[in-house]
Amino acid sequence: MTGFGAADGEVGGGRVSVEVRSVNHRFFSPSIKVPGALGRWEGDVREALKRGVARGHVTLSARFERDEDPSAATPIDEVRFAAYVAQLRGLQQRHGLQDALDVGTVLRMPDVFAGTAREEMPVEAGAQLVNIVERAVDALLAMRSAEGTRLVTYLDERLAVIEGALDRIAVRAPARVSEQRDRLRTAVRELTEGLSVDEHRLAQEIALLADRLDVQEELSRFRAHIAAFRAALQAPQPDGVGKRLGFLLQEMVREANTTGSKGNDAAIVSDVLQIKEELERIREQVENLE
């Protein structure tokens, strides 16, 4: 599921801002970007993410700003600056590059500013950073929960449309069997006009026809799958409900196909098509549920 969360706080004499974003993914796939000064705790950040988010592609980015006198200029490491200039000019000459080398290009190189070099952070900085990450994840989960609530409402509306179509099929199915039975009797009479008809054999054929056309079992199983689908939505499991909902959705598609193949009736086929359209809409959203 998609979501966004942010938090900030004090870490080791500076201020850290953390942003966490997530999009749908079958597995937990983190992407973490933290400043070099905080790199030693990247593993702790990853574990904090994993504890809060079980599935999804999660991107975490952190910014670190050290508390300094705003009027003081950030010192430039002139030795490193000169080394970069020499290296870049050497590359220009060897590769025939014509672009002019300006100060801005050199200043964007790593650790040119003396204040950006990796500094020794206090021991408690790790716990402070993890706390900020956990607060950002909590905000992300709150947003995902709100989205999940909206999705549940949407899915319930789709299921209600499907149940309406099932009700119409349940009403139409017995009448269709009677029509087919009468049609069979009429056809037999026309073909055997003037001849005796084995009524017992005719009754057997009508019974077989009724069995082939009967969709009550399919409708009953379909309703059971809908009930299980709703129960899963209302009682999410620690490992998520996406896989279970996907399985139930497959079973509902199977029952819809069987009902349609047995239908042989314009009204029933029309309702089956509507059911399959709604199932496709549900499938698109189930992929976003955790």
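Brief remarks on what is shown
- Condition broken by G5, with the remaining ones in (1) part of a helix (DSSP H, G or I); (2) under 27 Å from the mean Cα position of the chain (by Cα); (3) small (G, A, S) satisfied: (1)
- Count of region 29-59 residues which are modelled with pLDDT of 85 or more, under 15 Å from R144 (Cβ atoms) and assigned to a strand (DSSP E or B): 3
- Tally of residues being among the hydrophobic types (A, V, I, L, M, F, W, C) and closer than 18 Å to F229 by Cβ across region 240-271: 8
- Candidates A37, A48, filtered to the one that is in contact with a Phe, Trp or Tyr (Cβ under 8 Å, 6 or more places away or on another chain) and of a type in the set (G, A, S): A37
- Checked against (1) surrounded by fewer than 15 Cβ atoms within 10 Å (Cβ to Cβ); (2) at pLDDT below 90, E157 meets all criteria but (2).
- Checklist (1) over 30 Å from S22 (Cβ atoms); (2) of a type in the set (D, E); (3) at pLDDT 85 or above applied to E124, failing item: (1)
- Meets criteria (surrounded by 11 or more Cβ atoms within 10 Å (Cβ to Cβ), at pLDDT 90 or above, assigned to a helix (DSSP H, G or I) and in contact with a helix residue (DSSP H, G or I) (Cβ under 6 Å, 6 or more places away or on another chain)) for R168: yes
- Residues of region 245-266 classified as in a helix (DSSP H, G or I) and open to solvent by less than 50 Å² (accessible area, probe 1.4 Å), total: 12
The values are calculated or read from the model by the stated rules, or taken from the named source; none is laboratory data. Just so you know, these numbers come straight off a predicted model, no measurement behind them. Cβ sites come from the backbone with ideal geometry, for glycine too, and all protein chains shown count toward neighbours. Quick note on the areas: whole protein, heavy atoms, side chains included, nothing else; ligands and nucleic acids left out. Shrake-Rupley method; radii C 1.70, N 1.55, O 1.52, S 1.80 Å.
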